[in-house]
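Below you'll find the structure, written out as structure tokens, and then a few comments.
The values are calculated or read from the model by the stated rules, or taken from the named source; none is laboratory data. Keep in mind the model is a prediction, meaning the values are calculated, not measured. Neighbour counts run over all protein chains shown; Cβ positions are idealised from the backbone, glycine included.
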Amino acid sequence: MKVLLVDDEHDARLIGMLSLSRVGRMEVLEATNGPAAIATATAETPDVILLDVMMPGMDGPATLRILRATPSTARIPVIFLTAKALKGEQQGLIALGVRGILVKPFNPMTLAEEVRELMAAC
Amino acid sequence: MELELAFPPAAREGHDGTARRRRLIRRLTAQIASSQVLANSETQVHAWRHLLRLLGRSLDCVYAVLWQVDDADDVLHPTSEWRARELRAPEFVAHVRKLRIPLGRGLPGRVWASGKPIWVADMSTDDECILAAVAATEGLHSALAVPVMLDGRVIAVIEMVSQRIEALDSDVLETVCTLGRQIGQYLRHVRGVEALRASDARIRSVLDHSLSALVAVDRRGTIELVNPAAEKIFGYSAGELIGRTVRDLFPPEDRRSAMSNLCAIYEQSRGRVTEWRGFRKNGETFSCEVSIFEFPTTAGQRFAASIRDLTEIQGMERMKKELVSIVSHELRTPLTSIRGSLTLLANGVMGEIPAEALGLVRVAERNCTRLISLINDMLDLERIDNGLVELDLEAVDTSTVVGRAFDAVRGLASAEGISLSADIASEVVWADDQRLTQVLVNLLSNAIKFSPRGSRVLVSAHTGKGGDEIQVSDSGRGIPPSHLEAIFERFGQVESTDSREKGGTGLGLAICKAIVQLHGGTIGVISREGEGSTFSILLPRPAELAAPPPPAPPYPLFNAFLATAITIPDNVLEAL
């Protein structure tokens, strides 16, 4: 499985990358912001995009809108990464049309498994 | 008003002198009775001096002394004196000033004992006079001592000394006796005035040092009294505030609305603490807490407000919230990165690491997890306290919630060798399912941690009179009765080492309590030491959920003062 991990925080991205690649045996692509994520997604067509919600500049929802509006990326499943644990906030994010939500901080030993479960769920 | 008495340079002897004295004393007595003589005397000290002078002159004496009863010492001691210009008796005066006279001794002591005036024709030859010898040397002869009575008790003795030897008839003595009683009555009044003044001074001092601003107004809304805190809050000096209409202390935009429905505002505000908007001299509007009360004065009913500026408190609250968010982000973000790294290392994801090093990595990971839990719990409590947590109340399937809570603690339970069982009699509870799960996970974690290996933790649910009750029972060590209240407080564990040894944060039960209370429910515990504990949460059903009281409307500051105009003539509204 080819995953695009989008997060502006270096440390969180590194742990996520190691978790997905070493524990989950996934191929991991990285992007540090929305525009870079759109460029990589367009060029590489990953199987799934893990997209951080809170990013400076173009945030997760804004990036998602462009991905959906771009034909080559419109059908790529997106999973939001967020620190927002409140149910209301999560429902708002789901309503934007994503495959699911993973709440940060995630457990690096189970992250890949959770991604696979969400991908298998539909 | 000064008493006008004629003092002939040398009194005539005999019948004429006695008659004149009697007249003078009667006049004096009458005037004291009508308080004219002492009307200008502001204190007891002044009153006594004035009296001694008048008495001494009217009786043709040269020296008058006031002996007061000293309750502590049980003696008479001189507290005031009057000397005529012609007095030449320095030794006598010096002795008097040093004297302390016990009951029954000397002329004053005998008057004190008998409560009756005594006239001594010639003290220089009287054996019972303490200073007879000095009096003889310095030419002092006749002496009169009069008791000052208050409530049937002698409180002082006035002694007057003359340079002549003369007789005084019983009629004059009787008159003098009346005089003593009148002086006593007058003193009662003076003492009352003094006590009132002292009380005023005390109240003034309290007001001056009060941190709350105090503004009192008359029925027209005119400011009559302010304290330094009021000057500080509003930025006006006391001089500028007094006489000003209280309307000026409202922000201009509130003044008009303050003029309508005054009656309702005043009634709502009386006896309660309400929040208003105030207006400073520099044009700044600020929030404040106001408590309004009324009090009677001799000039009629008055209204006052105790006012606390909330600017600083609101600033502190803002800072507190900012701090919470800073802690949330700045502490949690690096800690989660540390824990993520440690988890990967501890699980050998980055390759084999030596056993001893692995042990250390696990210690680091475990403590990091504890720290994150503590921060999460603290933030959670802060959010609840600050009203930032809103419940998503709905009918929740009890078995589902309990099952979810079991899933969360199953790992811990199996590690501790504890079995979990459930007895669910009520199908649904009215709750926020995420928050209810959080409460159950907390209670279950505690039950598991404090239960002996091999024992069972039971969750039961049933519907009762007050709502739905969910209980978590264990057969652990129990809670001593003295700790039953404290365990629901922050860091209120029974043993201070519990959080370290059992891995808790010390906030779990405090969070449970806060969440349950947010539901309108209650949480409690029944426990026997050595036998186990049962924690119960009672959640009300929708019908039993009382509607919250409507919030107090945020009327602007001081409107209530204007309400003072309600019962006042119509022109007052225009005046304000």
Among the candidates B:Ala514, B:Ala447, residue that is part of a helix (DSSP H, G or I), in contact with a Leu (Cβ under 8 Å, 6 or more places away or on another chain) and in contact (Cβ under 8 Å) with a residue 24 or more places away in the chain: B:Ala514
Some residue of the stretch A:56-68 being assigned to a loop (DSSP other than H, G, I, E, B), surrounded by fewer than 16 Cβ atoms within 10 Å (Cβ to Cβ), touching a residue at least 40 places away in the same chain (Cβ under 8 Å) and within 14 Å of another protein chain (Cβ to nearest Cβ): yes
Among (1) surrounded by fewer than 16 Cβ atoms within 10 Å (Cβ to Cβ); (2) more than 13 Å from A:Ile49 (Cβ to Cβ) - the single one A:Ala74 does not satisfy: (2)
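Here is a yes/no grid of residues against (1) within 14 Å of chain B (Cβ to nearest Cβ); (2) among the hydroxyl-bearing types (Ser, Thr, Tyr); (3) within 19 Å of A:Gly97 (Cβ to Cβ); (4) part of a loop (DSSP other than H, G, I, E, B):
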{"position": "A:Asp11", "(1), (2), (3), (4)": "yes, no, no, no"}
{"position": "A:Met17", "(1), (2), (3), (4)": "yes, no, no, no"}
{"position": "A:Arg22", "(1), (2), (3), (4)": "yes, no, no, no"}
{"position": "A:Ala37", "(1), (2), (3), (4)": "no, no, yes, no"}
{"position": "A:Ala43", "(1), (2), (3), (4)": "no, no, no, no"}
{"position": "A:Leu50", "(1), (2), (3), (4)": "no, no, yes, no"}
Residue match in the stretch B:387-397 (condition: within 14 Å of another protein chain (Cβ to nearest Cβ), without any contact (Cβ under 8 Å) to a residue 12 or more places away in the chain and closer than 19 Å to A:Asn107 by Cα): no
Subset of the stretch B:85-95 [buried (at least 17 other Cβ atoms within 10 Å of the Cβ) and part of a loop (DSSP other than H, G, I, E, B)]: B:Leu87, B:Ala89
Leading residue by the ranking (surrounded by the fewest Cβ atoms within 10 Å (Cβ to Cβ)) among those in the stretch A:77-97 that are away from chain B (no Cβ under 14 Å) and in contact (Cβ under 8 Å) with a residue 40 or more places away in the chain: A:Pro77
Complete set of residues in the stretch B:302-352 that are of a type outside the set (D, E, K, R), outside any helix (DSSP H, G or I) and either surrounded by fewer than 13 Cβ atoms within 10 Å (Cβ to Cβ) or more than 14 Å from chain A (Cβ to nearest Cβ) (or both): B:Phe303, B:Ala304, B:Ala305, B:Ser306, B:Ile307, B:Leu310, B:Gly348, B:Met350, B:Gly351
Residue match in the stretch B:110-130 (condition: out of contact with any helix residue (DSSP H, G or I) (no Cβ under 8 Å at 6 or more places or on another chain) and among the aromatic types (Phe, Trp, Tyr)): yes
Test result for B:Gly403, more than 14 Å from every other protein chain (Cβ to nearest Cβ), at pLDDT 90 or above and assigned to a loop (DSSP other than H, G, I, E, B): no
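The rows are residues; the columns are (1) within 14 Å of another protein chain (Cβ to nearest Cβ); (2) more than 25 Å from B:Glu390 (Cα to Cα); (3) in contact with a helix residue (DSSP H, G or I) (Cβ under 9 Å, 6 or more places away or on another chain).
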| site | (1), (2), (3) |
| --- | --- |
| B:Ala408 | yes, no, yes |
| B:Glu416 | no, yes, yes |
| B:Leu420 | no, yes, yes |
| B:Val429 | no, no, yes |
| B:Asp432 | yes, no, yes |
| B:Asn442 | no, no, yes |
| B:Ser445 | no, no, yes |
| B:Lys449 | no, yes, yes |
Unique residue being touching a Pro at 6+ places or on another chain (Cβ under 9 Å), assigned to a helix (DSSP H, G or I) and crowded, with 18+ Cβ neighbours inside 10 Å when the list is B:Ile384, B:Ile372: B:Ile372
